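Everything on this sheet refers to the single structure shown next.
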Amino acid sequence: MAALLVFVALGVGQAAANFAASPGFSGKNGATCTACHTVAPVGSTPATAVFQGLPEAWVPGATYSLTLRVEGGPLAKPAPQPQGGFDLASDGGRFQLQAGTETLFHLVGDQEATYRPAGTMMREWHVDWVAPDLAVRPAPVRFWLAVLAADGNHVVATNTSDGGERFDSVAALTAMVPPSSAASAAWNALPLLSPTAQASRASNGWEVAGRHGDGNATTIAFRLDTGAWERRDTAASWHLAFPGLSGVHTLTIQSEGAGRASPPLVIALPGSGDAVVGATQSKSTPATLALPLLAFAFALLARRPVP
């Protein structure tokens, strides 16, 4: 949780508080605000985390306005005494700040939002969440939220601590939002990008080296001419061999994965160039035989009597 007071030793027993940001305390990685705010005040109502605005199922690219609130805990003191804090994280989509709240909150990357010093003067906060697009297969998105109700014993103006973190109340929760049926339908209707491939002659047949054009592809499907489809699980790059293949053929290839397929890639495999069996032998007279025949003809002419 973006703990209101994360302190480090300064001198003997003196501490400094980071009211500007303490990311990583949403509970996503295990730690929450209890890393610093450990003991609730005696007799106070336990704090409760409230998370509103999440849809029952998310739509790709849609923006949702979220309300985060802490209820219970010690009574809030008026500003300039701090009243609370929060840290919100997710594993999908992205957060964005609402217009005019840049001085209250800030983002830690795309998937974590927490407060600035001015954001401690309240116990309710507002941020937007933009649902994932269709770059990857739609999946449930998980959220982690940790909040605290501060008793006000913190010195925001000087960014120092008097140890009052011991008397705050902390609460946390998690939430899961599945993709909508529209998201799944849109995904299934969206083809994968086609693979790229290069065919080359081998000593005995053909070899095809290729690469998936889409990061969601996990399988290469192929067939020769109108034959049956064959499938192989592959990495991003793959290799096909067709030993003993001769004659003219057509190779059709497509990438598959995550319930989708790419448009087919068609590669023409020409004949191997081997000699054609049964070719007609040339009837030309070989030169080695023509020379003796000419010599014999001249000899006969030389013996003829002159008329």
| What is the list of residues in the stretch 228-266 whose amide nitrogen lies under 12 Å from a point 7 angstrom out from the Cα of ALA202, following Cα to Cβ? | 239-246
| said: Quick check: pseudo-label points 7 Å beyond the Cα along Cα→Cβ at ALA57 and SER181, how many nm apart are they? | reply: 0.6
| FRET efficiency for ARG116 and ALA235, using Cβ-Cβ distance with R0 set to 35 Å, rounded to 0.05 | 0.20
| query | Taking amide hydrogens as modeled 1.01 Å from N in the peptide plane, which residues meet the under 5 Å criterion relative to ALA202, leaving out close sequence neighbours? | reply | GLU207
| remark: Counting only residues 5 or more apart in sequence or on a different chain, those whose built amide H sits under 5 Å from that of GLN98 are ASP128
| Most to least packed among 80-91, 111-122 [average Cβ atoms within 10 Å] | 80-91, 111-122
| task | For a footprinting-style exposure proxy, rank ASP110, ASP233 by other Cβ within 10 Å, fewest first. | result | ASP233, ASP110
| request: Would you pull out the residues with amide H under 5 Å of PHE105's amide H, same chain only if 5 or more places away, H placed 1.01 Å from N? | output: ARG116
| Short version: ³J(HN,Hα) in whole Hz for each residue of the stretch 169-176, in order, from phi by Karplus 6.51 cos²θ - 1.76 cosθ + 1.60 (θ = phi - 60°), x for Gly and Pro, what are they? | 10, 10, 9, 8, 7, 10, 9, 10
| task | Kindly state, to the nearest 0.05, the FRET efficiency for SER246 paired with ASN188, given R0 = 41 Å and r defined as their beta-carbon distance. | result | 0.55
| said: How high is the relative contact order of the stretch 191-269? Use alpha-carbon pairs under 8 Å, at least six apart in sequence, and give a whole percent. | reply: 37
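The numbers here are math on the coordinates, done by the rules we state, and not lab data. Computed from a predicted model, the values in this text were never measured in an experiment. For neighbour counting, all protein chains shown are included, and Cβ atoms are generated from backbone atoms with ideal geometry for every residue, glycine included.
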